[in-house]
Amino acid sequence: MYNQENCKFAATHEWAYIENGVATVGISDHAQHEISDIVFVELPKIGTKVEQGKSCCVIESVKSASDIYAPVSGEIVEVNQAAADNPSIVNQAPHGDGWLFKIKMSNPDEVKNLLSFEDYKAKI
Amino acid sequence: MSDNLRKTPLYDACLKAGGRMVDFHGWLLPVQYESIIAEHKAVRNTAGLFDVSHMGQIIFKGEDAFKLLQNIATNNFKQEPGAGAYAHILDDNGGIIDDIIAFCLNPNEFLLVVNSATRFKDYNWFVKKSAGYKVEVTDVSDNYAMLALQGPKALDILENLIPQIKEIARFHIKQDKIFDASVYITRTGYTGEDGVEIMGSAETINKLFDWCLANGFTPCGLGARDVLRLEAGYLLSGSDMDESRNPYEASCGWVVKLKKAEDFTAKAKMAAVKEVGVKEKWTGFILQSAGVAREGCLIFKDGKQIGKLTSATFSPLFKGICAGYAPADLEEGAIVEIEVRGRKIPAKKIKMPFYKNRV
């Protein structure tokens, strides 16, 4: 299963756990702390084509809306309905039950544009 | 953040308590501590503490102090030590310069608490309007730190420090002593809960901040304050009203006392507005499906744009709440649509406030 160490990170604070050509995506613990009090998650629709670095999901806190960018390109194949039903789990478990969606990757080479946890940690 | 932001006398205390500081009209203030939702809950259920030292204080002093206040403000004040009231300050066209609370300290001296963003505009306006009056208008804002102590348990806790605090009536002021120093205590707030606001020296209010934290108050930031005030139906000066709106449009007709003996700025205009009625009013809506609207979102009815939100947030009590200017004849319970990032969310018009005042 995924944890911070075995995930890749986008500079925009999303993580991706890559297994069998599918990226499971969520936001980093740092991001959930900064966003704080998540009250609404607008998930992408299954089947949507997403592009690395483009917004594909919105997280709303009490104060503001935050765009969530696709860390890799591909097609949305699964979404975490539990995060939409109970957005606070994204705060409580950003690297676990609070994952957001899964992308079937169209260009696995893009992973090289992502950061290791160590490198991400150094940037924040 | 920019170096020329101002710090309140409680800046270090807020930071030490875990405040996340942001630029609020040039002031560094905590937007939140641990969680806006937890802070909101603390104020609705127990007691919360807010640094509101950025608020302005202006004194009218002299034999015409009362006359000036009556002439520049819409409400009908009393020349009775301790008494206070909320009012709007209008420009000559009847547009709202600011909303204030003013208190009678003694028959010839009044304290006006004004918004921070409008403090200098207010002061200049008062000085201009005081020409020919026997009154001295002084901005004393820099002499005061100020805490808002709000919530159903706030006074119970404060009674241990200030035994007679519950004797202060709603919208009244009392000069008192805490930690051997003089303070002003007002039975007012911006949350829809009972509570007080206390003004005093930086040193005294810092001591009070520490005492409150040690005695069960939760430190709260601007984020929670905005949710609480919108739930309570309180306008935010500069967002929900400004010189382009009059008090009737702002759904605050009750603060315009056309029957008071004195003339006041734009009184005749306000009488005419009341007679004719307004086309648009500040109106509250609750979203009917998931989502959070924001200030500036457009309001639609039957596909046609009918207004724009001036305040909107997520309320832990009511979910998506918002308010803005919409046609005055829109019926209570009417369903409109609010466009949030390209998506139209149904919303129901409610009778303000969202949260019924306990106070």
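The values are calculated or read from the model by the stated rules, or taken from the named source; none is laboratory data. Values in this document were obtained by computation on a predicted structure and should not be read as measured data. Cβ placement follows ideal geometry from the backbone for every residue including glycine, while neighbour counts extend to all protein chains displayed. Keep in mind that these areas ignore ligands, DNA and RNA; they rest on the heavy atoms of the full protein, side chains included. Shrake-Rupley method; radii C 1.70, N 1.55, O 1.52, S 1.80 Å.
Quick notes on this one:
- Cα convex hull of segment B:132-181 - mean projected area over all directions, nm²: 5.5
- Each Lys and Arg contributes +1 and each Asp and Glu -1, all at the Cβ; summed about the Cα centre of segment B:56-137, the dipole is approximately 100 debye.
- 1.4 Å probe, heavy atoms, protein only - residues of segment A:58-72 losing at least 50 Å² accessible area vs chain alone: A:60, A:62, A:63
- In the context of the full set of protein chains, residues of segment B:33-124 present 30 Å² of accessible surface per residue (probe radius 1.4 Å, heavy atoms only).
- Among A:35, A:22, A:91 - extreme Cα towards positive end, dipole of segment A:8-107, charges at beta-carbon: A:22
- At R0 = 25 Å, FRET efficiency that the Cβ-Cβ distance of residue B:357 and residue B:159 yields, to 0.05: 0.70
- Among B:112, B:236, the order of accessible area from largest down is B:236, B:112, computed with a 1.4 Å probe on protein heavy atoms.
- Euclidean distance of C-alpha centroids, segment B:46-62 and segment B:73-151, integer Å: 12
- In the elastic network of chain B, a GNM with C-alpha springs shorter than 10 Å, the most mobile of B:208, B:149, B:228 is B:208.
- Heavy-atom surface analysis with a 1.4 Å probe gives chain B a carbon and sulfur content of 50 percent of its accessible area.
- Annotation: segment B:279-350 has a Kirkwood hydrodynamic radius of 11.6 angstrom, from the mean reciprocal C-alpha pair distance.
- Reach of residue B:174 by Cα under 24 Å, taken over lysines that are not fewer than 8 positions away in the same chain: B:61, B:67, B:78, B:153, B:166, B:207
- Hydrodynamic radius by Kirkwood, which averages 1/r over all alpha carbon pairs of the protein assembly as shown, in angstrom: 24.5
- Coil-residue chymotrypsin sites (Phe, Trp or Tyr not before Pro) of segment B:253-359, DSSP, other Cβ within 10 Å capped at 12: none
- Surface exposure of segment B:279-350, expressed per residue as accessible area with a 1.4 Å probe, stands at 45 Å².
- Among the trypsin sites (Lys or Arg not before Pro) within segment A:55-120, not one is in coil by DSSP while having at most 13 neighbouring Cβ atoms inside 10 Å.
- Here residue B:319 is the anchor, and the lysines within straight C-alpha reach of less than 24 Å, apart from those fewer than 8 places off in the same chain, are A:45, A:63, B:41, B:281, B:301, B:308, B:344, B:348, B:349, B:351, B:356.
- In the calculated pair-distance distribution of segment B:242-293, the portion above 16 angstrom amounts to 49 percent of the Cα-Cα pairs.
- Over segment B:56-137, the pair-distance histogram of Cα-Cα distances with 5 Å bins from zero comes to 3, 17, 31, 29, 16, 4, 0 percent, rounded to whole numbers.
- Calculation over all alpha carbon pairs of chain A in 5 angstrom steps from 0 returns a P(r) of 2, 13, 25, 26, 21, 11, 2, 0 percent.
- For the pair A and B, total buried accessible area rounded to nearest 100 Å², probe 1.4 Å: 1300
- Kyte-Doolittle at least -0.5, axis length at least 24 Å by Cα - qualifying DSSP helices, chain B: none
- For segment A:8-107, the dipole from Cβ point charges (+1 on Lys and Arg, -1 on Asp and Glu) about the Cα centre works out to 300 debye, to the nearest 20.
- Pairwise inverse Cα distances across chain B, averaged and inverted, put the Kirkwood hydrodynamic radius at 21.1 Å.
- The trypsin sites (Lys or Arg not before Pro) of segment B:135-185 that DSSP puts in a loop, and whose beta carbon has at most 13 other beta carbons within 10 Å, are B:170.
- Straight-line reach from residue A:121: taking Cα to Cα under 16 Å and skipping same-chain neighbours fewer than 8 places apart, the lysines in range are A:8.
- q = 0.14, 0.19, 0.20 Å⁻¹: log10 I(q)/I(0) that the Debye formula gives for segment B:7-158, counting C-alpha atoms only: -0.78, -1.14, -1.20
- Annotation: residue A:105 carries an accessible surface of approximately 20 Å², with a 1.4 Å probe and no ligand, DNA or RNA atoms counted.
- Over segment B:29-97, the hull volume per residue, using the convex hull of the C-alpha atoms, is 157 Å³.
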